[in-house]
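Reviewing the structure listed below.
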């Protein structure tokens, strides 16, 4: 423990034992130890006596016991008395899901900045973004249920590679078709419960 190191150096100096570095005074040890305890957010447990002329500290056993009891745990506090513990946890998880939705709105969907001035256009912009968020959440839910280890962004990136083409050779009639759908893309259509794009002719060379 850091306190034992300070105390050991001070005791050694008193008995004439030389140590590396500059000599340490009780006041200096107290100030340095207090700073380290404060930086570690342990002032409620470790009490450093700043008024003592000697290096003195103590442990608040009750505060230490509370800290050990809560170590590694997340405490949820609510003012709704009629909620069962499971309902409190479910509400907290729902809040986290809402926050993830707002992050998706601000990043992938890019709800801002808004370059509209008229109120109707601003409302239309926001409505389209929230519709996109609903689609995003449906995609995420269906991909998760299907066991697909991809995000909605990655799924759209893979499906975006599918293209529809029209080819005309010399004076012949044009041929319409789409690029080949690989196994990963077919799996994504299945996971999202969407039909694969229809095609008039397969164009494997594209």
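A short reminder: the numbers here are calculations on the coordinates, not readings from a lab. Being a predicted model, the structure only gives us computed values, none of them experimental. Every residue, glycine as well, gets a Cβ built from its backbone with ideal geometry; the counts of neighbours run over all protein chains shown.
Quick notes on this one:
- Ratio Rg/Rh [Cα only; Rh per Kirkwood] for the chain: 1.31
- Base-10 log of normalised Debye intensity for region 157-203 (one unit scatterer per alpha-carbon) at q = 0.14, 0.22, 0.30 Å⁻¹: -0.39, -0.77, -1.14
- For region 2-70, the equivalent ellipsoid derived from the alpha-carbon gyration tensor has semi-axes of 26, 11, 11 Å in decreasing order.
- Values of log10 I(q)/I(0), in the order q = 0.28 Å⁻¹, for region 85-142 under a Debye, Cα-only, solvent-free model: -1.09
- Rg/Rh ratio calculated on Cα atoms of region 114-188 (Kirkwood radius): 1.18
- Each peptide in 104-114, 163-173 gets a packing score, the mean of other Cβ atoms within 10 Å over its residues, and the list from highest to lowest is 104-114, 163-173.
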